[in-house]
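The values are calculated or read from the model by the stated rules, or taken from the named source; none is laboratory data. For clarity, every value in this text was computed on a predicted model and none was experimentally measured. Every residue, glycine as well, gets a Cβ built from its backbone with ideal geometry; the counts of neighbours run over all protein chains shown. Ligands, DNA and RNA are excluded from the accessible area calculation, which covers all protein heavy atoms including side chains. Shrake-Rupley method; radii C 1.70, N 1.55, O 1.52, S 1.80 Å.
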Amino acid sequence: MSNSIVHFINGQKSPGTGERRQDVYNPATGEVTGSLHLGGQEDLQAAVAAAKTASTAWADMSLSKKSAILFSFRELVNAHADELAAIITAEHGKVLSDAKGEVNRGLEVVEFACGIFEQLKGEYSDQVSTGIDVFSFRQPLGVVAGITPFNFPVMVPLWMSPVAIATGNTFILKPSERDPSASLLLAELWKQAGLPDGVFNVLHGDKEMVDGLLTHPDVDGISFVGSTPIARHVYETGTQHGKRVQALGGAKNHAVIMPDADMTMAAEHLNAAAFGSAGERCMAISVAVAVGEAADEVVSRVKDLAAGITVTNGADPRADMGPVITPASKERITRIVGEAQEAGAAVVLDGRDLVVEGHENGFFVGPTILDNVRQEMTAYEEEIFGPVLAVIRVDSLEEAIQVINANPYGNGTAVFTSNGAVARTFQRKVNVGMIGINVPLPVPVAWHSFGGWKNSLFGDLHIYGPDGVKFYTRGKVVTQRWPEPTSVSGASFAMPSTSDH
Ligand code: NAD
């Protein structure tokens with residue numbers, strides 16, 4: 001019997017009234033482990049009403065009380081990190097150590113939100129005109145929804161909810177249908193931390209539920225993380241309905257390997273960045289752009305390392321890499337590799353036929369390396385989101401930068417070099433939001449913000465960190481005068497200027 005995965009609305013688990021169900025799998029075994037309740041219209045209305053009702057009191061609660069709840073939540077997530085990681089591995093497939101790392105990166109954002117006082121300090125201008133002061137401060141939007149992808153079922157909800165909640169909003173999480181269970185443990189932990197009912201809600205569903213949130217008049221803001229076509233749809237629909245939207249999309253991240261790079265370091269990091277989490281990271285390196293004589297050496301070294309990767313159930317401590325998320329994903333990855341081969345790419349390492357002993361029904365693809373890839377191949381044009389590293393060979397740094405800048409995505413990129421001038425040219429000239437210099441997964445820490453350029457982000461503000469605070473709040477400016485009883489009023493029909501007084 002598979003377990004029922006329900007909503008969390010107004011502080012309570014709720015089966016909801018929607019009749020549709022969706023199977024949730026353990027991708028390492030192929031077994032159905034859960035039956036997800038997809039919400040209907042009434043569930044949407046109930047969750048939004050709960051969040052709206054809770055929003056006034058939550059916005060009015062003092063920063064010190066809010067911060068105390070955030071600190072408790074931080075302790076609870078930390079105490080349940082192993083449990084959260086086990087849930088991630090069981091539904092997503094990534095290896096346990098990686099799942100634990102995901103929880104830790106999410107915790108960083110909770111820690112940032114614990115210090116929200118610092119972020120919400122306003123600005124004050126004394127005596128801008130005689131007897132007049134001007135000050136500005138920020139207030140919450142109201143009800144915000146977070147729509148999240150399958151690949152980080154804990155970290156991405158924690159990129160959003162701690163900052164949204166700490167800044168005084170109430171939050172509705174619409175998690176991925178593929179690995180929804182961790183969101184319910186997060187909801188329980190928020191409640192145990194003392195968060196009032198209705199401030200954090202979980203509403204399950206698919207396109208129908210997302211579209212319901214995007215058009216609901218009582219939802220004020222939307223944070224989305226997922227693939228580019230859906231990010232574009234979410235941005236366009238949400239903004240058309242008057243909402244503030246940040247929509248982070250897909251990626252195709254390039255790492256440039258210069259001939260002067262430390263080849264041992266470059267190969268080890270490329271191997272981990274391409275095949276860690278089976279390539280299902282928005283910051284995975286999926287393209288190696290090898291410059292000049294770096295190419296033969298880097299391909300041969302990464303091939304040797306990747307051939308030694310242990311692929312099995314992520315819950316097995318020996319595992320370096322787990323399965324991909326669905327049979328459809330496996331089929332798509334193997335098809336794209338086949339198309340690249342037909343178009344002339346060399347399959348240097350082929351993971352298409354991998355069968356994992358004892359897990360014959362799991363959705364496994366082994367590490368795969370494609371050499372001599374060209375920009376017009378589907379393996380280059382599409383985000384594969386699997387354990388496939390495409391290698392493009394170029395002659396110079398300039399050519400490498402041209403390749404990166406011609407790509408429609410702009411999430412992350414990296415350069416491996418021992419030359420500071422090369423690194424500086426690279427960081428200044430690439431049209432990409434997050435840059436790594438000898439760091440292949442340049443995921444910024446929580447007190448900076450995370451976001452790409454071009455088709456990797458729709459909206460103006462990046463997620464979490466200082467940009468997250470701006471996204472979840474609106475500025476207010478107050479111009480004030482407390483006249484002495486004897487002073488003149490200063491009223492005028494002309495536009496007042498500071499020199500008038
Ligand atoms: P996805 O776009 O399929 O799903 C994301 C969310 O959108 C889910 O909650 C899903 O229910 C919802 N959704 C799916 N189809 C929809 C539709 N037609 N209309 C409305 N909502 C819909 O993404 P995914 O496969 O879960 O996640 C992988 C993708 O997310 C990759 O493209 C990856 O690069 C991207 N991603 C990006 C970042 C980033 O920071 N830029 C981070 C993580 C993942």
Take every Cα-Cα pair in segment 72-220 and report what % of them are more than 21 Å apart. 48
Any residue on another chain or 5+ positions along whose placed amide H is under 5 Å from the amide H of Ile172 is listed here as Val144, Ala145, Gly146, Asn201
What whole-number distance in Å separates the alpha-carbon centres of segment 418-453 and segment 322-383? 28
On alpha-carbon atoms, Rg over Rh for the chain using Kirkwood Rh? 1.03
Rounded tilt (10° steps) of 263-275 against the dominant C-alpha axis of the chain: 70
Cα-based Rg and Dmax for segment 434-501, where Dmax is the largest Cα-Cα distance (Å): 22.6, 67
Average accessible surface area per residue within the chain, 1.4 Å rolling probe, Å²: 41
Using +1 at the C-beta of Lys and Arg and -1 at the C-beta of Asp and Glu, which of Gly30, Thr17, Gln127 has the Cα lying farthest in the positive direction of the dipole of the chain? Gln127
Expressed as a whole number of Å, what is the distance separating the alpha-carbon centroids of segment 36-62 and segment 212-263? 24
Probe radius 1.4 Å, ligands and nucleic acids left out: which of Trp453, Trp447 has the largest accessible area, and how do the rest follow? Trp447, Trp453
Once the Cα atoms of helix 294-307 and of the chain are each reduced to a long axis, what angle between those two axes, in degrees from 0 to 90 to the nearest 10, is obtained? 90
Output the Kirkwood hydrodynamic radius of segment 253-437, Cα pairs only, in Å rounded to one decimal. 16.4
Solvent accessible area, Å² - Arg138, 1.4 Å probe, full protein context: 90
Using protein chains only and a probe of 1.4 angstrom, how many square angstrom of Phe152 are accessible, to the nearest 10? 20
Highest to lowest packing among 72-79, 180-187, scored as the average C-beta count within 10 Å: 180-187, 72-79
C-alpha long axis of helix 397-406 to longest principal axis of the chain, angle in °: 60
Over 25 Å between alpha carbons, listed pairs Lys252/Lys330; Lys66/Lys94; Lys52/Lys243: Lys66/Lys94
Ignoring ligands and nucleic acids, what accessible area does His269 show with a 1.4 Å probe (Å², nearest 10)? 70
With the full set of protein chains in place, find how many percent of the accessible area of the chain is carbon and sulfur; take the probe as 1.4 Å. 51
Extreme residue, positive dipole direction of the chain, given options Ile165, Val477, Ile5 (C-beta unit charges): Val477
Can you give the relative contact order of the chain as a percent, counting alpha carbon pairs under 8 Å and 6+ residues apart? 18
Counting only helical runs of four or more DSSP H residues, what would the 222 nm mean residue ellipticity of the chain come to if each run contributes -39,500 (n - 2.57) and the total is spread over all its residues? -12000 deg cm²/dmol
Keeping all protein chains in place and using 1.4 angstrom, which order do Ile147, Ile309 fall into by accessible surface area, from largest down? Ile309, Ile147
